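Participant: Encoded as structure tokens, here's the structure I'll be asking about.
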Amino acid sequence: MAAKFLNKRPKHLNLLKITQPLPAIVSIMHRISGVLLFFPGIPVTLFCLQMMLGSPESFEALQATLQSPGMKVMLLFFAWFCLHHLCAGIRYLALDMHYGIALEQARTTSKWVLVISILLTLSMGVILW
């Protein structure tokens, strides 16, 4: 009986060839953005807050650091993590209330999450630069 089940298992599972639907990609990105907001996000934010409130010299040093182009790009990524996590979280709250459960609605709201988070990030980039 075990030999019958062994023949039905996949022989070579190539994870790079498997395509995920858009709602799954948004879900994975929501989890990744949550992890990135938690681990490097909270300590870096607390460090920046400490520098802002420490002394006028440390505040000026923080301002000078944040003016570099590399730090502005990192701030844009951090803004995208926050905005994507917020938009996807609102989508999941709506799904928990049974709005948008149908497949086509789930795909549409996934597209909207990506579009809105990218547009908000671009507007933050315009303000930042």
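The values are calculated or read from the model by the stated rules, or taken from the named source; none is laboratory data. Since the model is a prediction, treat every value here as computed from it, not as a measurement. FYI the Cβ positions are ideal-geometry reconstructions off the backbone, even for glycines, and counts take in every protein chain you see. Only protein heavy atoms, including side chains, enter the accessible area calculation; ligands, DNA and RNA are left aside. Shrake-Rupley method; radii C 1.70, N 1.55, O 1.52, S 1.80 Å.
Participant: Need the failing condition index for Val115 against (1) of a type outside the set (S, T, N, Q); (2) modelled with pLDDT of 95 or more; (3) surrounded by 14 or more Cβ atoms within 10 Å (Cβ to Cβ); (4) within 22 Å of Leu36 (Cβ to Cβ), just the number.
Facilitator: Val115 satisfies every listed condition except (3).
Participant: Take the residues of the stretch 43-87 that are touching a residue at least 24 places away in the same chain (Cβ under 8 Å) and of a type outside the set (A, V, I, L, M, F, W, C): which is most open to solvent (accessible area, probe 1.4 Å)?
Facilitator: His85
Participant: Please specify each residue of the stretch 118-129 satisfying the condition of being in a helix (DSSP H, G or I), over 27 Å from Ala24 (Cβ atoms) and open to solvent by 100 Å² or more (accessible area, probe 1.4 Å).
Facilitator: At the first step, the residues of the stretch 118-129 found to be in a helix (DSSP H, G or I) are 118-128.
So of that shortlist, the ones also over 27 Å from Ala24 (Cβ atoms) come out as 123, 125-128.
Val126, Ile127 - these are the residues of the stretch 118-129 that are in a helix (DSSP H, G or I), over 27 Å from Ala24 (Cβ atoms) and open to solvent by 100 Å² or more (accessible area, probe 1.4 Å).
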